[in-house]
Structures are given as structure tokens and as C-alpha cells.
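The values are calculated or read from the model by the stated rules, or taken from the named source; none is laboratory data. Please read these numbers as outputs of a predicted model, since none were measured by experiment. We place every Cβ from the backbone using ideal geometry, glycine too, and count neighbours over all the protein chains shown. The area values use the complete protein model at the heavy-atom level, side chains included, leaving out ligands, DNA and RNA. Shrake-Rupley method; radii C 1.70, N 1.55, O 1.52, S 1.80 Å.
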Amino acid sequence: MTADYFAFFGLQPALALDLKDLEKRFLDLSRRYHPDLNARKPAAEREAALEASAILNDAYRTLREPIARAMYLLKREGFDIGEQTTKDVPPELLEEVFELNMALEELKDGDTDALPQIAAARERFLASRNEVDGEIGAKFAEWDAQHSRDTLSAIRGLLNRRKYISNLIEKTNVPD
Amino acid sequence: MAYSEKVLDHYNNPRNVGSLDKKSANVGTGMVGAPECGDVMKLQIQVNEENGIIEDAKFKTFGCGSAIASSSLATEWLKGKTVDEALAIRNTDIVNELSLPPVKIHCSVLAEDAIKAAISDYRAKQTTKTAAEQTVA
């Protein structure tokens, strides 16, 4: 069964959500669909409530997280959010990625001198991700105001970039 | 999926691994990456400024066997070619030579992009150099 997560919470599709309000709606609906409160209802209603509470949990998990929420909305708007096919590698990061790989290779060969370099790269990637998160936040507000497809395309590109940077951060997670 | 014999040969004995002085005016550096696999490829050419012939080529690639083989083969082909001839190298030539399967075609595209990037870096440097010389004169 497919349910529209935004409609499920009684919300208009939006990217910048008030999380306090979302949580309140979640708690209200949780109560409404709770098995204990539906125990004395007819079987069909009990089943419907159970199904609704499963959707509720999925919907809340998705809408609560900005990245998951954006992916959901992109899919809902007909964007292909599967594998990255376009070249969204941040060009200014390439050099850095190359150096990082060199350092990781040295480390694999037992050269621990590379560790500070890897730690420094990690810091820079974390900063880059913060920057991308800021840009994503701005685009969220832009889409909420205008509902433009161009904005969604830009968000998709930013999400790819963020994924790429996250993979790099993962790579730099080496034990001291 | 099995690698072709030629891919394995380049993977096990990569040609021309290393780097050239990227600050040198007759060295062009191309750095490209693929988001799908996180591959990153650096390819450099050293050009004889008198006759425009690529005298040396080096690469360093972090990626799968096909990406390494594609860039290794590219450096072999580049040596002895003029810059213009080098621009004519197509990724399909690499695909054919290495018998790359469809899922690995992007590796050859990466190598072609790296060649183009190295050449455009070299040309940009030459233009700057010429401009500087004219200013001095």
C-alpha cells in the first residue's frame, strides 16, 4: 500500500519542516492508532489501525530526517534517485581525494606518518559536508516558497555531492 | 565477471606509473574522478615543445582493475604521439583493445577524459607562457 507521507500527517509537501510540530502530530496519531485503544473495535478497524501505525512509523522516520525527506520528495516528484550517473564529483575535491588515496595507500603499507594527513583530510571533508548541508537547507526553503523543478534538480545534485563526501568521510575513519 | 587477459596484464604490470613535475610548463596534468565508484585518475603528459610530441606519460589511478588498465594503456598510446593525435584517442579504442564489458565502459571514458584534461592543462600553460613572453618582449 502506498500512502502519501505528507498527507498522512495532514501536511502540505514541504522540505523545511517544523520538527516539533511533526513530533506532536506523530504522537497524536500514534495514540489514535495504538492497539490498546483499538482493542475493542471490530476486527476490520483493528487491522486498519495496525496498518496505519506501521505506515506512521515509516512516515515519521522518513520525514524526520532532512536527507531522507528530500529523497522521498524527489521520488514523489518523479525524480530518479537511484545510482549516481551524472558527474557530480566536486572538482575542487578531486585533488584532495587523490592525496587522501595516496595517504591511505601509505598507511596500508605500514607507514603511520600518513595518519595526520588523513585526519586533516577528514576535518576538511566534514567542513565540506557542513557547507553542502547549508546549501541544501537554503534550497529547501527555496522549494517550499516556489515549488520549482529547477530547485529540485539542484537539490538532487547537492544530495549526490553530499553522498560522495560522506563516502570520503567514511574512508578517513581509520583507527589511530 | 572475469577480466580479459589484457586487463589483467595491465593490472598486474601497469606501465608508466608515477608522476611528472606538475609545475613544469611542458607538463600537462589531468585529474578526473567518477562518483559511481569513487575512482580517481591522474594522468600526466610531458610534451616536447619544439615538435609537439608527447615524450613521456605517467599515471596513478585509484580504482578497479579496468580503470587501472585503461589509464595504463592510455599512457602507452600517448607516448610518441603529437598532442593533436592524442586528442583523437577515443574511449571506444580502449574498450576494444581491452575487451571491456559494458559495465566497465565508464572506466575507458574516464581515461579519455583524463587525456583531454591533461592536454587542455598543457595548452593552457603554453598560452600563459606565450603571453608572458610577449609581455616581456
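Listed values, structure above:
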quantity: Which numbered condition A:ARG149 fails, given (1) without any contact (Cβ under 8 Å) to a residue 40 or more places away in the chain; (2) over 16 Å from the mean Cα position of the chain (by Cα); calculated: (1)
quantity: Matching entry among A:LEU93, A:LEU159 (being under 26 Å from B:MET31 (Cα atoms), open to solvent by less than 60 Å² (accessible area, probe 1.4 Å) and in contact with a Phe, Trp or Tyr (Cβ under 9 Å, 6 or more places away or on another chain)); calculated: A:LEU93
quantity: Top-ranked residue of segment B:40-73 - restricted to ones that are open to solvent by 10 Å² or more (accessible area, probe 1.4 Å) and within 14 Å of chain A (Cβ to nearest Cβ), ranked as farthest from B:GLU133 (Cα to Cα); calculated: B:CYS64
quantity: Some residue of segment B:27-37 being open to solvent by 50 Å² or more (accessible area, probe 1.4 Å), within 14 Å of chain A (Cβ to nearest Cβ) and of a type in the set (S, T, N, Q); calculated: no
quantity: Residue within segment A:125-136 that is of a type outside the set (A, V, I, L, M) and within 12 Å of the chain's Cα centre (by Cα) present; calculated: yes
quantity: Residue tally, condition among the charged types (D, E, K, R) and without any contact (Cβ under 8 Å) to a residue 40 or more places away in the chain, over segment B:16-55; calculated: 5
quantity: Condition broken by A:ASP111, with the remaining ones in (1) of a type in the set (D, E, K, R); (2) at pLDDT below 95; (3) closer than 26 Å to A:ASN130 by Cα satisfied; calculated: (3)
quantity: Unmet criterion (only one of (1) among the β-branched types (Val, Ile, Thr); (2) in contact with a helix residue (DSSP H, G or I) (Cβ under 7 Å, 6 or more places away or on another chain); (3) at pLDDT 95 or above) for B:THR82; calculated: (2)
quantity: Filter result for A:ARG25 (assigned to a helix (DSSP H, G or I) and away from chain B (no Cβ under 14 Å)); calculated: yes
quantity: Options A:ALA127, A:ALA138, A:ALA119, A:ALA70; residue that is surrounded by fewer than 16 Cβ atoms within 10 Å (Cβ to Cβ), modelled with pLDDT of 90 or more, under 29 Å from A:LEU11 (Cα atoms) and more than 14 Å from chain B (Cβ to nearest Cβ); calculated: A:ALA138
quantity: Where a residue in segment A:30-54 is in contact (Cβ under 8 Å) with a residue 40 or more places away in the chain and its partner, wherever it lies, is surrounded by 13 or more Cβ atoms within 10 Å (Cβ to Cβ), with Cβ under 9 Å and at least six apart; calculated: A:GLU51/A:TYR33
quantity: Residues of segment B:99-127 satisfying the condition of being closer than 13 Å to B:GLY28 by Cα and loosely packed, with under 12 Cβ neighbours inside 10 Å; calculated: B:ALA124, B:THR127
quantity: Residues within segment A:14-28 that are farther than 14 Å from A:SER53 by Cα and either surrounded by fewer than 16 Cβ atoms within 10 Å (Cβ to Cβ) or out of contact with any Leu (no Cβ under 9 Å at 6 or more places or on another chain) (or both), tallied; calculated: 7
